[in-house]
Structure formats: C-alpha cells, structure tokens
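> Before anything else, here's the structure in question.
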Amino acid sequence: MAETEHDNAVIVGWENHPFYQNVVHILERAGQTVDLDFNVFERLCRPRRCLYVSVPVRMDDGTIRVFDGFRVHHNTTLGPAKGGIRYHPEVNLAETAALAMLMTLKNSLVRLPLGGGKGGIRCDPGLLSRREKQSLTRRFTSEIFTFIGPDKDIPAPDIGTDQQTMAWVMDTYSSQVGYAVPGVVTGKPIEIGGSLGRVDATGRGVVYTIIEASKRLGMALDQSTTVAVQGFGNVGFHSARLISNIGCKLVAASDVSGGVYSPKGLDIIALQKWIAEHRVLKGYPEGEYVTNEELLELPVDILIPAALGNQITTKNVDKIKCKILAEGANGPTTLEASQILSSRGVFTIPDILANAGGVIVSYFEWVQGMQNFFWSEKDVNNKLWEIIAGAFNRTYEFHSTKKIDMRLSAFAVSVEHLSKAMLWRGFFP
Ligand code: GLU
C-alpha cells in the first residue's frame with residue numbers, strides 16, 4: 001500500500017489545515033468589521049456536525065476497494081444544509097468542512113433560506129468506470145441516508161460529479177423510502193425534476209457579476225476585453241462560453257492537461273469539439289501551450305479561476321496582471337494574496353459571490369420540486385440575475401462605505417445577516 005493511502009491526511013483535524021484556516025481567518029477579519037459577537041464566531045469557525053463513511057466498492061477486476069467519504073453540515077440556522085458532493089483524490093474532512101463553511105456564507109450572502117453543507121469522496125473519478133462510479137455513489141448515498149433529505153440536507157454536483165451522479169443519489173434515496181423524492185438533491189437531469197438553467201447557472205452567475213462589476217468600474221465589455229479562464233469543467237466552460245457570447249475576447253483556457261493562449265482569441269465551440277474528441281485540451285492546434293500556472297499570469301483584463309482552490313498565493317500574486325478577478329472556483333485565492341491584489345487595485349469578485357449562481361438555481365430547483373410547478377428558462381435566468389445582482393450591490397456598497405476589499409465585504413455582509421438569525425434563534429440552532 002502506498003504511504004499516502006494510510007497516512008492521516010484523510011481524517012486530519014481542521015485545526016492544522018491551511019485551506020480551512022484561510023476561511024476561518026477571512027471570517028475573523030470580516031467579523032471585526034461588523035462587530036461580530038464572539039460566541040457566534042466561535043460557533044461558525046467549527047462545523048455543526050461531520051459524518052465519515054467508508055465506502056466499499058467491487059471494482060470491475062473483481063477486487064474490493066474501500067473509499068473514504070464525508071458529509072458535513074456546517075450550519076443550519078437559515079434552513080437545511082446545502083452544498084455539493086466532490087469526487088477528487090485530495091478530498092479530506094478538513095477540506096470538506098472548509099467548503100461547507102463557504103457554503104453557509106455563500107447562502108447567507110445571497111439570502112437563501114438554506115444552511116451550508118458539503119460532501120466528498122476521496123477518489124479519482126477519471127480512473128473509475130461508469131459502473132464503478134455508480135456503485136460508489138449508491139453505496140455512499142446509503143451510508144449518508146440518515147444525514148440527508150429534502151428538509152435536512154440537499155446535496156448537489158461539485159468537482160468530479162454531475163447530473164448522472166445526482167440521479168443515482170436521488171434514485172438510491174427514493175428506493176429506500178419507497179417513493180420518488182426529487183427534493184433530496186439538486187442538479188438533477190430535467191426528466192427527473194431538474195430545473196432549466198441549472199447546468200450553466202454557476203458560469204452564468206460568474207458572468208452576471210462581471211457585468212455588474214464592469215458597470216461600477218466604468219469598464220467596457222467588448223472585443224477589446226481579454227479573458228483567461230482556468231479550468232474547463234462545468235463552471236469554466238460555461239463562464240468561457242457566456243463571456244464570449246456577450247462580446248469579450250476569450251484568449252486563454254485550460255484544463256488538467258494544461259492550457260492554450262491566443263491573443264487573437266479562441267473559438268469556444270472549436271475548443272469544446274476538441275475536448276469531446278480528445279478528452280483533454282492538450283494538443284489543441286491553435287495558439288501557444290501554457291501551463292495552468294502560466295495562464296494565471298497572462299496579461300488579461302479578466303481572469304476567471306474556475307478549477308481548484310489555492311491557485312493564487314503569495315508565491316505568484318506579484319505576477320497576476322488582471323483588472324478583474326472573478327472567482328468561479330471555491331477558495332482559489334489566499335487571504336494574504338487577495339489583500340495584495342486589492343492594494344494593487346485589482347477588483348476581486350470573491351468566490352461566495354461570483355460562483356453563487358449554482359446554488360441559487362439549486363434553490364430554484366428545490367422550490368420547483370416542492371411545489372411541482374416548473375418555470376421557464378427565462379424566468380430562472382431573470383430571477384438568478386435579480387438575486388445575484390442584489391448580492392453584488394450589497395457587497396459593493398459595503399466595500400465602498402467601509403473602505404474594505406470585496407472579499408472581506410462579502411463575508412461581512414453575509415455573516416452579519418447570519419449572526420442576526422443566530423441571535424434571534426438563541427445561539428444553539
Ligand atoms: N457545488 C456548488 C457550489 O460550490 C453548488 C452547490 C449547490 O448547488 O448546492 O456552490
């Protein structure tokens with residue numbers, strides 16, 4: 001067995017985890033700007049409850065492998081826990097708990113009646129067959145069955161999971177209760193109660209917040225505006241597609257295999273076709289090859305990190321040249337790096353604001369499912385615009401009045417709302 005397979009990285013405490021500590025640190029700093037009650041802070045810098053599960057799967061070669069899975073409820077003051085399920089080799093309890101904390105703050109910032117949760121399985125989905133992924137998902141769902149439910153905790157897709165994964169979760173849960181329960185997950189296929197507009201909602205939200213930012217900054221969004229997108233998963237692809245659709249020039253894109261850069265502009269449809277045929281971007285004939293690190297350092301107007309966390313740190317922050325940083329990913333920038341960017345005049349649209357479109361439309365999906373009344377795509381997109389622009393404006397106003405950067409402002413606006421709710425309920429929800 002490889003050393004990394006049995007070290008304590010899987011169940012490591014969040015006390016020593018840099019990503020977890022970064023989120024706590026932002027919360028602490030933001031809390032100071034709104035005189036956050038210390039008891040509320042003490043409660044929020046820990047998750048409410050965490051579930052660890054081991055998930056045995058019979059692999060295609062007949063052997064059994066056991067995977068480590070997690071589901072965390074960070075806070076449920078505002079409503080049921082809500083957040084995605086991530087399949088990735090680096091998933092562990094601390095990362096899942098930090099991502100759950102970000103969900104609490106995201107949902108509170110955009111004023112959804114939802115708490116924050118997150119789940120994950122430590123695995124490499126790219127190395128699993130469809131059958132293995134199905135077994136893994138169904139067994140994981142059985143193990144977390146008592147933890148989830150339409151009134152308790154509602155999972156959704158995240159890195160490495162998609163609408164098929166959600167369909168398996170919904171089916172396994174429904175089989176156990178004996179009838180269809182569409183409200184137990186969001187991000188489902190349309191045919192089993194998904195919402196129109198959910199698939200591209202996160203990317204759409206990223207672009208809507210960029211439009212709001214450009215109005216405030218007096219910046220044009222046209223063919224002279226250059227954009228680089230890191231990551232070509234659901235968030236990266238739809239952000240790239242929609243930002244191209246509004247007339248900006250996509251000059252760089254990347255996936256796990258690396259990226260391409262073409263100052264003349266990239267054709268999003270051709271990129272998509274290449275990936276459909278070759279699985280990865282590497283080898284794309286137009287433009288020059290760049291690594292994922294180099295992509296972040298390109299001279300562009302708008303940079304959209306839409307892959308993993310911890311991409312912009314004190315190590316590379318001095319090389320970042322964008323004017324707007326729109327965080328499609330969760331936690332792509334450390335607090336220190338973010339403060340340096342802000343002092344240099346880079347305008348950041350922080351993760352809990354920029355990528356909130358996904359959970360906003362998840363909320364619409366959940367509401368539509370509960371009411372059995374489904375909306376048109378136009379209605380979904382209009383309502384998404386209304387909610388995310390409202391959150392952008394609240395954050396922007398607080399940032400201008402208090403003279404604090406956009407990240408601290410978003411966390412402050414969010415935690416102020418949440419702490420009022422916690423104090424009404426009496427600390428213990
Ligand atoms: N995984 C997405 C996020 O990080 C969506 C969560 C959801 O829709 O519940 O925001």
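The values are calculated or read from the model by the stated rules, or taken from the named source; none is laboratory data. Note that the structure is a prediction, hence the values are computed from the model and not measured. Cβ atoms come from the backbone with ideal geometry, glycine included; neighbour counts cover every protein chain shown. The accessibility values were calculated without ligands, DNA or RNA, using every heavy atom of the protein model including side chains. Shrake-Rupley method; radii C 1.70, N 1.55, O 1.52, S 1.80 Å.
> Of Pro305, Pro263, which residue is open to solvent by 20 Å² or more (accessible area, probe 1.4 Å) and touching a strand residue (DSSP E or B) at 6+ places or on another chain (Cβ under 8 Å)?
The unique qualifying residue is Pro263.
> Can you pull out the residues in the range 111-120 that are crowded, with 24+ Cβ neighbours inside 10 Å and either more than 10 Å from the ligand (Cβ to nearest atom) or closer than 14 Å to Pro157 by Cβ (or both)?
Across the range 111-120, the qualifying residues are Gly115, Gly117, Lys118, Gly119, Gly120.
> Give me the residue from the range 175-192 that is part of a loop (DSSP other than H, G, I, E, B) and closer than 19 Å to Asn234 by Cβ and, out of that set, most open to solvent (accessible area, probe 1.4 Å).
So, considering only residues that are part of a loop (DSSP other than H, G, I, E, B) and closer than 19 Å to Asn234 by Cβ, the one most open to solvent (accessible area, probe 1.4 Å) is Pro189.
> Residues Val40, Val53, Val57, Val66: which one is more than 14 Å from the ligand (Cβ to nearest atom) and part of a helix (DSSP H, G or I)?
Val40
> Looking for something modelled with pLDDT of 95 or more, more than 16 Å from Gly203 (Cα to Cα), open to solvent by less than 50 Å² (accessible area, probe 1.4 Å) and not in a helix (DSSP H, G or I) - is there at least one such residue anywhere in the range 350-371?
Within the range 350-371 (the criterion being modelled with pLDDT of 95 or more, more than 16 Å from Gly203 (Cα to Cα), open to solvent by less than 50 Å² (accessible area, probe 1.4 Å) and not in a helix (DSSP H, G or I)), the answer is no, since none of the residues qualifies.
> Out of Ile154, Ile210, which single residue is open to solvent by less than 40 Å² (accessible area, probe 1.4 Å), aliphatic (A, V, I, L, M) and within 16 Å of the chain's Cα centre (by Cα)? So that I can check it myself, show each step before the final result.
Numbers: Ile210 fails: within 16 Å of the chain's Cα centre (by Cα).
Matching residue, one of Ile154, Ile210: Ile154.
> Further, regarding this structure: Being open to solvent by less than 20 Å² (accessible area, probe 1.4 Å) and either under 17 Å from Arg130 (Cα atoms) or touching an Asp or Glu at 6+ places or on another chain (Cβ under 8 Å) (or both) is the filter here, so list the residues in the range 60-79 that pass it.
Within the range 60-79, Phe67, Gly69, Arg71, His73 meet the criteria.
> For the range 346-380, name all the residues that are touching a residue at least 12 places away in the same chain (Cβ under 8 Å) and away from the ligand (no atom under 16 Å from the Cβ). Walk me through it before giving the result.
Here is the first cut: in the range 346-380, the residues touching a residue at least 12 places away in the same chain (Cβ under 8 Å) are 346-366, 368-370, 374-377, 380.
Selection gives Val346, Phe347, Thr348, Phe374, Trp375, Ser376, Glu377.
> Another question, then. Is at least one residue of the range 124-135 at pLDDT 95 or above and open to solvent by less than 10 Å² (accessible area, probe 1.4 Å)?
Within the range 124-135, none of the residues are at pLDDT 95 or above and open to solvent by less than 10 Å² (accessible area, probe 1.4 Å).
> Every residue in the range 103-136 that is in a helix (DSSP H, G or I), out of contact with any Pro (no Cβ under 8 Å at 6 or more places or on another chain) and over 30 Å from Ile388 (Cβ atoms), please. So that I can check it myself, show each step before the final result.
The first filter runs over the range 103-136 and keeps only residues in a helix (DSSP H, G or I), leaving 103-109, 125-127, 130-136.
Right, trim to out of contact with any Pro (no Cβ under 8 Å at 6 or more places or on another chain) and you get 103-109, 125-127, 130-132, 134-136.
Gly126, Leu127, Arg130, Arg131, Glu132, Gln134, Ser135, Leu136, listed by residue number.
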